[in-house]
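Laboratory data are not the source of any read-out in this text; all were calculated from the coordinates shown. Everything numeric in this text was worked out from a predicted model, so none of it was measured. With ideal geometry, Cβ positions are generated from the backbone for all residues, glycine too; neighbour counts draw on all protein chains shown.
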Amino acid sequence: MIVAQVLSGAGLAAGVTVGALLAQDMLGSTGLAGLLSALSITGSALTAVVVGRISQARGRRSGLAAGYLAGAIGSAGVIAAAVAGSSVLLFVAMFVYGAGTATNLLARYAGADLAAPEHRARALSTVLTATTVGGVVGPILVAPAGNLAHTLGVPRLAGLFLLSSAAYTTAALVLAIWLRPDPLLLARTLEAERTAETFARSDDPGSRARPAAGRRRAGVLLGALVMALTQLVMVAIMTMTPVHMHHHGHSAAASGLVIAIHIGAMYLPAPLSGWLVDRYGPLPVAAGAALVLLTAGIVAANAPDSSAAVFAMALALLGVGWSLGLVSGTAIITDAVPLATRARTQGLVDVSVSAAGAMGGMASGLVVTAVGYPLLAVGGGTLALAIVPAVVVTARSR
């Protein structure tokens with residue numbers, strides 16, 4: 001599982017680092033640059049449903065391997081589109097490429113399948129952390145990958161997708177061969193045994209099986225809201241930062257380094273995010289995520305156009321806020337949903353997360369064209385504050 005996450009981290013880095021730049025180069029429009037990200041995330045939404053259903057029926061191994069294989073096919077399609085100069089093929093390929101991103105995120109649930117409730121957040125954060133190595137190394141290789149692509153007759157900006165296709169393919173093979181026993185299937189078996197023992201010892205087995213339906217529903221809604229807003233704000237600011245830097249004379253290597261720092265900040269703090277959730281509960285951590293995202297937006301909006309260091313600081317904060325929001329939201333969802341329907345519900349929740357990211361990616365280019373990057377950054381950070389009242393209402397209702 002850890003090896004697959006390292007590989008998939010390298011795979012998803014391509015779209016984050018050069019996806020918008022490739023779209024801008026092929027389409028000649030900043031306003032449409034965010035559309036490519038939106039298509040990728042829309043593909044993620046569809047994949048989340050499919051992978052969730054496959055996992056529910058056949059286990060995590062089958063679902064995750066299928067998702068990564070689709071990501072590999074999408075990466076190859078992007079390369080073909082760049083060579084052919086076809087914007088239509090680029091759009092289709094990026095839609096399929098989004099499968100890899102969705103699968104990378106869905107893998108975090110596998111880390112929590114067998115964990116005790118008091119250690120669940122730290123368990124899922126371990127899977128997220130494994131993405132860091134590939135996610136950080138991938139963007140740093142933008143220049144060497146571009147040189148390799150040029151040698152092969154492929155446009156330089158499509159170079160990272162060569163790495164992406166190979167990484168996703170290998171991740172799918174690793175899971176298909178070595179993820180045994182399947183964590184979700186094993187967790188169901190253990191849960192069934194515990195339930196049978198509980199029923200045997202109880203005078204009223206039905207009373208222990210009755211779910212707190214209202215509380216579970218509220219938990220699913222809150223967890224989905226936290227992750228969706230976190231994803232929307234992160235994608236919107238992240239997508240347009242390389243484009244904004246490019247417009248002010250920064251090289252692809254400089255923007256690649258900034259994105260590498262951003263991805264590192266998304267995944268490296270995951271153990272800390274998990275510890276905070278296990279120690280203090282997911283609600284305070286979710287509120288903290290909103291405040292960190294607001295800070296990131298303010299720093300990005302006030303960054304000097306010539307300072308890659310300040311952009312790196314802003315996107316590092318953006319990554320930390322995303323980590324806090326994703327881990328706390330995932331913990332809320334996992335605690336609220338029983339094993340019998342967990343994988344399917346998790347897949348559906350991640351649809352809302354992907355849809356929110358698609359909205360952020362699609363709107364980001366249009367907002368920057370209309371009012372500029374600083375207002376996009378501040379507006380995104382302000383929007384994240386909607387998490388706080390939702391957390392307060394939920395806390396008071398418990």
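Computed quantities for the displayed model
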| quantity | calculated |
| --- | --- |
| Equivalent ellipsoid semi-axes - Cα gyration tensor, the stretch 256-353, angstrom | 29, 14, 11 |
| The stretch 341-395 versus the stretch 252-288: alpha-carbon centroid distance in Å | 16 Å |
| Helix 282-301 vs. the chain, principal-axis angle (Cα, 0 to 90°, nearest 10) | 10 degrees |
| Highest-fluctuation residue, 320, 127, 88 considered, GNM on the chain with Cα pairs under 10 Å | 88 |
| Helix axis angle, 33-58 relative to the chain longest principal axis, alpha carbon, degrees | 30 degrees |
| Full-stretch length increase - residue 309, residue 251 - with 0.36 nm per residue and alpha-carbon distance subtracted | 19.5 nm |
| Computed E for residue 217/residue 186 - FRET, C-beta separation, R0 35 angstrom, nearest 0.05 | 0.80 |
| Of 335, 350, 113, the one that fluctuates the most in a GNM where the chain has Cα springs shorter than 10 Å | 335 |
| Computed helical MRE - 222 nm, the chain, DSSP H runs ≥ 4 contributing -39500 (n - 2.57), nearest 500 | -29500 deg cm²/dmol |
| Kirkwood Rh, Cα atoms: Rg over Rh of the stretch 23-124 | 1.11 |
| Degrees between helix 183-201 axis and first principal axis of the chain (Cα, 0 to 90, nearest 10) | 20 degrees |
| FRET efficiency for residue 341 and residue 88, using Cβ-Cβ distance with R0 set to 30 Å, rounded to 0.05 | 0.20 |
| Per-pair calculated FRET efficiency, R0 = 35 Å: residue 193 and residue 119 via Cβ, rounded to 0.05 | 0.95 |
